[in-house]
Every structure is written in structure tokens, then in C-alpha cells.
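Enquirer: First, the structure itself, so that you have it in front of you.
The values are calculated or read from the model by the stated rules, or taken from the named source; none is laboratory data. Since the model is a prediction, treat every value here as computed from it, not as a measurement. A quick note on method: Cβ atoms are made from the backbone with ideal geometry, for glycine too, and the neighbour counts reach across all protein chains shown. Ligands, DNA and RNA are excluded from the accessible area calculation, which covers all protein heavy atoms including side chains. Shrake-Rupley method; radii C 1.70, N 1.55, O 1.52, S 1.80 Å.
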Amino acid sequence: MKGRWGLQWKMTTTYVAVSAVAVLLAEAAVIGVAALSPSAAALSEQDLQARTHATAGWLAGKLAVTIAGGGQMRGTDLGTPGVAVTPGLAQPDGTGGVAIPRTTTPVCGLAAASLAVVVQGKTVQATSDPGCYPVGGHAGGLIPALARPHGGSGHARLAGSPVVWAAAPLTVGPARPGPKASAVPASPAGGTARGGKLFGLVYIQVPATAQGPAAFPLSGTLLRTGLVVLALAIPVGIAFGLLSTRRLTRRLQRLAVSTLEVAEGGFQRRIPVSGADEVSQLEENFNRMAGRLEAAMDTQRELAEANARHQERSRIARELHDSISQELFSLSVLAGGLRRALPAGSAVLTEAETMERTAAGTMREMQSLLLALRPVALDEDGLAGAVAGVCRAYRERLGADVRADLTPLALDPGLEHAILRITQEGLANAVRHARAGVIRVRLDAAGEQVELDVADDGRGFDPAQPDPGGLGLSAMRDRAAEQGGTLTVHSAPGAGTVVRARFPRAAP
């Protein structure tokens with residue numbers, strides 16, 4: 001998993017951690033706001049009385065629906081489970097009413113309690129506080145409500161404590177439960193309300209003191225919701241992290257694989273560039289690096305091949321000099337001695353002279369060939385110095401009249417090597433085949449072109465013939481073409497020869 005999912009899982013873990021921290025910070029902010037929010041002002045007695053009356057009407061409508069549907073009203077149907085008992089303090093429920101706790105304690109705190117009682121006649125049918133008003137007990141203590149059998153509201157003092165009360169008739173008929181503020185009261189004219197039959201009375205009593213709803217209440221529901229969001233953030237963060245990083249990790253894996261291929265010699269490897277992000281810059285840089293490495297390896301291979309050719313040429317030149325040249329020299333000496341030893345008029349004198357001339361001519365061609373094969377240090381002397389050295393060698397060793405007009409130029413190494421070899425081949429052809437009196441070598445640059453001329457005043461030849469006399473013109477043209485240049489030959493029998501090469505200064 002480390003090799004394939006390491007980065008992806010790290011980024012996914014980061015997403016999960018960031019999501020969890022964001023949820024925790026949001027919950028902390030909510031708790032802080034709730035803790036720092038100002039407490040609500042106490043409710044007025046009129047507001048508390050309206051809330052109590054709305055709660056009585058809503059509860060009466062709810063119980064009427066239960067009874068009308070054939071349901072049984074249990075003695076503990078009143079009150080809301082989970083509502084804390086707050087002695088001496090009424091609890092607004094946030095919906096326009098008051099919260100009635102369901103108590104089970106046998107101790108009665110009548111004046112300080114929030115309670116709800118259903119009375120039929122003067123008997124308790126249901127209660128939220130069995131300690132004060134047990135089911136089946138006498139409801140004689142509900143003096144304010146019983147004094148108004150058709151409902152109402154008001155305030156009183158019980159056991160020395162002020163309370164707010166409200167009563168609503170419980171009618172069985174077409175009435176339906178609705179919002180607490182719109183409960184249907186009984187008709188003051190009789191025992192029915194809108195065609196319903198009066199069943200009893202719902203009595204609500206709360207302490208006369210109540211705090212208004214908090215500006216930003218902190219409830220258990222809010223905290224539970226935060227915990228649920230925190231729990232969901234983990235799988236959601238994992239899924240989002242895996243999906244969002246899949247493409248990125250694939251691109252990085254492709255880069256890693258391609259890097260290994262290049263390290264093993266696969267310099268032709270290229271990566272498709274996608275997007276315009278940092279990874280795409282890595283892909284572009286990888287392709288550029290691979291291209292430069294491939295070019296560098298090609299150059300190194302070409303240099304190795306050139307060095308191998310140079311070494312082979314040097315070996316051939318040494319072999320020719322040490323074996324064939326020595327044998328030709330011995331043959332020339334023997335032929336000359338034989339010619340001088342023969343008497344005048346000898347029948348073989350002519351053959352001896354011919355053999356001496358042939359040996360001398362062959363030695364001259366061999367020396368020219370050795371000069372063509374002779375390696376020249378371009379790196380040490382530069383192009384102009386190397387060409388001048390070749391011309392000087394032909395003058396000193398073969399006695400050829402070679403006149404050089406050379407302009408120092410700094411060119412691409414491959415182009416310099418091609419120019420040098422064309423110069424050597426042109427001089428060798430002029431010495432071996434043209435029988436030239438004067439050979440002129442000119443090297444110059446005209447704008448973006450490099451010009452090389454090797455001209456002689458020898459016997460010339462017909463350029464229409466395919467490489468006449470083995471002059472190596474095809475090889476010279478190939479060398480020029482490799483550097484993006486051209487090579488032309490101007491010659492005619494008896495009119496000399498001009499070999500002209502043209503190259504772009506920046507060789508491809």
C-alpha cells in the first residue's frame with residue numbers, strides 16, 4: 001500500500017483531518033456564541049398568561065381528537081417526558097406555549113409546580129403531577145378553574161406563591177387539534193362547542209415567573225447534530241480524498257515509472273502533458289530533460305563513432321606507412337639501382353626506368369593517401385589552424401604548391417569536422433589525379449553561409465561521369481548533405497577543377 005497508495009492516503013487523511021477540525025471549530029463557535037449570548041428578559045405576566053392559555057387550548061384539542069377516535073386517555077398522557085422540573089419558574093417551549101414536565105414524585109409542590117390536569121365534574125381524569133392531583137382524586141383545589149366551567153385564564157396565589165392558570169373546555173366532536181394559539185374554546189352559552197359535547201376541563205398552572213427564550217439557545221439537538229456531522233465527515237472526507245487525488249496520483253505514478261525507464265536508457269520516453277498545474281510543469285520538464293538526454297546520448301554516440309573512425313584511420317595509416325610504403329620505397333631503390341647498373345642500350349633498360357617511375361608515382365599517391373588519413377586535432381588548433389596544417393603537410397611532404405586563404409571561424413564541431421575532411425579529400429584528389437601546378441584553398445563566411453573552395457589548375461575531368469577515377473565525390477557530397485549543405489564540382493578536361501561547398505552557419 002505504501003508504494004501505490006502512500007501519497008493518496010496521506011492527502012486523504014489530510015482532507016479528513018481538515019474536515020473534522022472544521023466541524024469541531026464550527027461546534028466550538030456555536031457553543032461560544034450560545035455561552036456568550038445575553039440571557040433573555042423575563043416574560044411579562046400578560047405574555048405568560050397568553051402562553052398558558054394557548055397551551056391549555058392546544059392540549060384540549062389534542063385530547064378531544066384522541067377521545068373522538070375511540071382512544072383511551074391514560075392518566076399520564078399529560079406532560080412532556082424529558083422536560084426538567086424547574087420549581088418556581090415557568091418554561092417557555094419556543095412554540096408560543098409553556099412546557100409541562102411529567103413528574104412522578106409523590107411530594108406536592110403546588111405553588112411552585114408547572115402542571116396540567118383534566119377534570120370531569122370534580123374528579124381528576126388525567127394529570128401530569130400525580131403527587132398533587134392523583135387520577136381519580138378530588139379537584140377541589142382548582143378553585144379558579146372550577147369557578148369558570150367553560151374555560152378562562154387568570155392569576156392567583158397558592159401557598160403564598162403567585163401562579164398563572166388557564167382552563168380550556170375538552171369537547172368531543174368536530175374539533176381538531178391545531179396550533180396552540182388557535183385552540184377552540186367552549187361556547188359560553190352551554191355545554192357544547194361548535195356542535196361538540198363537553199367532556200371536561202383542561203387546567204394548566206405555571207409559576208408566575210418565566211425567562212424568555214434565549215437569543216441563541218444551546219440544545220441537545222444542536223449538539224447531537226454536530227456529532228452526527230462530525231461522524232459523517234470521516235467517510236465523506238475519505239471518499240472525497242480518494243476521488244480528488246486519484247488522477248493526481250496516477251500522473252505522479254506515471255512520472256515515477258517514466259523516470260525509471262529513462263534511468264535504464266529509454267530516452268525516447270515522453271509523457272503526455274495534461275492541464276496547466278504544477279504537475280504539468282513537471283511533465284513538460286521531464287519531456288525536455290528526456291529530449292536533451294537523448295540528444296546528448298546521440299552526440300556521444302556520434303563522437304564515439306567518429307573516434308572509432310579516427311582510430312581506424314590512424315591504424316590504417318600506420319599499417320600503410322610501416323608496410324606498403326616501406327616496400328614501395330625498397331622497390332623504388334631497387335629499380336633505380338637496376339637502371340643505373342644496366343649498360344646503355346640494354347634491352348631491359350626501358351622496363352627498369354618504367355618500373356622506377358611507377359614505384360615513385362605509387363609512393364607519391366601513398367603519401368597523399370596517408371595525409372588524407374592523418375588525424376587532425378581540431379580541438380587544439382581550431383578549424384582554420386587544422387586546414388592550414390593540412391595544406392602545410394602537402395607542401396612540405398609532397399612539394400605541392402598549396403595556397404591557403406583562411407578566415408578563422410568558430411562552428412559546430414560536426415560542421416568543422418566535415419569541412420576538414422572535404423578539404424583533405426579535395427587536396428588528395430588534386431595531388432593524385434589532377435597533376436596540378438597550384439592548388440588554392442579558401443575558407444570564408446558570407447552572412448549565414450560558410451564557403452569552402454578547393455581549386456586547382458590541373459588537367460580537369462568531365463563531371464558528368466559518375467565519380468570519375470574514384471575521386472570520392474559521392475562521399476564528399478554525403479558529408480556536405482549531413483550538415484545541411486551542398487557540394488558542387490566545376491571542371492572540364494584541361495581546364496582545372498573547382499570543388500565548392502556551402503553550409504549554413506548554424507548546422508541542423
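Enquirer: Answer yes or no: is there a residue in segment 429-442 that is part of a helix (DSSP H, G or I), closer than 29 Å to D298 by Cβ and charged (D, E, K, R).
Expert: Checked against the condition, which is being part of a helix (DSSP H, G or I), closer than 29 Å to D298 by Cβ and charged (D, E, K, R), segment 429-442 yields no hits at all.
Enquirer: Restricting the search to segment 399-427, which residues are open to solvent by 30 Å² or more (accessible area, probe 1.4 Å), in contact with a strand residue (DSSP E or B) (Cβ under 8 Å, 6 or more places away or on another chain) and either part of a helix (DSSP H, G or I) or among the acidic types (D, E) (or both)?
Expert: Within segment 399-427, D401, D405 meet the criteria.
Yes or no, residue by residue, for (1) modelled with pLDDT under 80; (2) touching a Cys at 6+ places or on another chain (Cβ under 7 Å); (3) surrounded by fewer than 18 Cβ atoms within 10 Å (Cβ to Cβ); (4) under 30 Å from V33 (Cα atoms):
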| site | (1), (2), (3), (4) |
| --- | --- |
| P149 | yes, no, yes, no |
| A159 | yes, no, yes, no |
| A183 | yes, no, no, no |
| L218 | yes, no, yes, yes |
| L232 | yes, no, yes, yes |
| L242 | yes, no, yes, no |
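Enquirer: Return yes when R51 is at pLDDT 80 or above, within 30 Å of G152 (Cα to Cα) and among the basic types (K, R) and no when it is not.
Expert: yes
Enquirer: Which of the residues that make up segment 428-447 are at pLDDT 85 or above, more than 11 Å from V498 (Cα to Cα) and buried (at least 22 other Cβ atoms within 10 Å of the Cβ)?
Expert: If the condition is that a residue be at pLDDT 85 or above, more than 11 Å from V498 (Cα to Cα) and buried (at least 22 other Cβ atoms within 10 Å of the Cβ), then L443 is the only one that fits.
Enquirer: Name the pairs: first residue in segment 263-281 and in contact (Cβ under 8 Å) with a residue 24 or more places away in the chain, second residue not aliphatic (A, V, I, L, M), Cβ to Cβ under 7 Å, at least 6 apart or on different chains?
Expert: That search, which allows pairs on different chains as well, returns F267/E294; Q268/E294; V279/R251.
Enquirer: Let me spell it out: the conditions are (1) under 30 Å from V228 (Cβ atoms); (2) at pLDDT below 75; (3) surrounded by 18 or more Cβ atoms within 10 Å (Cβ to Cβ), and S19 meets all of them except one. Which number is the exception?
Expert: Result: S19 passes all but (2).
Enquirer: Looking only at segment 88-130, which residues are small (G, A, S), modelled with pLDDT under 80 and closer than 16 Å to L78 by Cα?
Expert: Passing the criteria: only A113.
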